[in-house]
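Inspection log for the structure reproduced underneath, given as structure tokens.
Read the figures in this text as sums done on the coordinates, not as results from a lab. In this text, all values refer to a predicted model and were calculated from it rather than measured experimentally.
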């Protein structure tokens with residue numbers, strides 16, 4: 001019998017995982033205002049019903065795509081959502097335009113989907129996912145504290 005794929009987690013890692021999986025309050029995952037700043041090329045901004053404000057750059061969102069293919073790729077590379085792919089070593093680096101969506105549209109009342117200019121469109125960014133990966137200083141600090149990692 002193979003033990004491949006079995007991972008032993010410490011009690012701290014299990015506690016951290018359980019904390020990340022705790023359901024968020026409905027008010028925390030209900031957007032009041034959603035702004036996709038495509039013309040400016042900036043990113044996504046959400047004002048939440050609980051008064052919190054979140055913002056993500058398009059580059060961060062593209063690297064945090066929640067589709068199964070992207071999640072699997074990040075897991076294999078040991079990257080967190082939003083963390084850029086490692087740059088290939090090359091003598092003459094090729095120019096790559098910054099990630100930008102060609103379009104964005106609502107998915108029901110629970111998510112937003114981007115059709116990226118690079119042709120990728122599989123990720124559905126739920127409001128809960130976006131709130132859990134909020135990039136504001138307060139939320140990043142809270143996640144780092146919960147994970148026990150230095151800021």
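Before moving on, here are some points about what is shown:
- The C-alpha atoms of the chain occupy a region whose extents along the principal axes are 51, 49, 32 Å, arranged from largest to smallest.
- Tail weight of P(r) past 16 Å, computed on alpha-carbon pairs of segment 69-139, percent: 65 percent
- Theoretical ellipticity at 222 nm over the chain - DSSP helices of four or more residues, -39500 (n - 2.57) apiece, nearest 500: -8000 deg cm²/dmol
- Percentage relative contact order, the chain, counting C-alpha pairs under 8 Å, at least six apart: 19 percent
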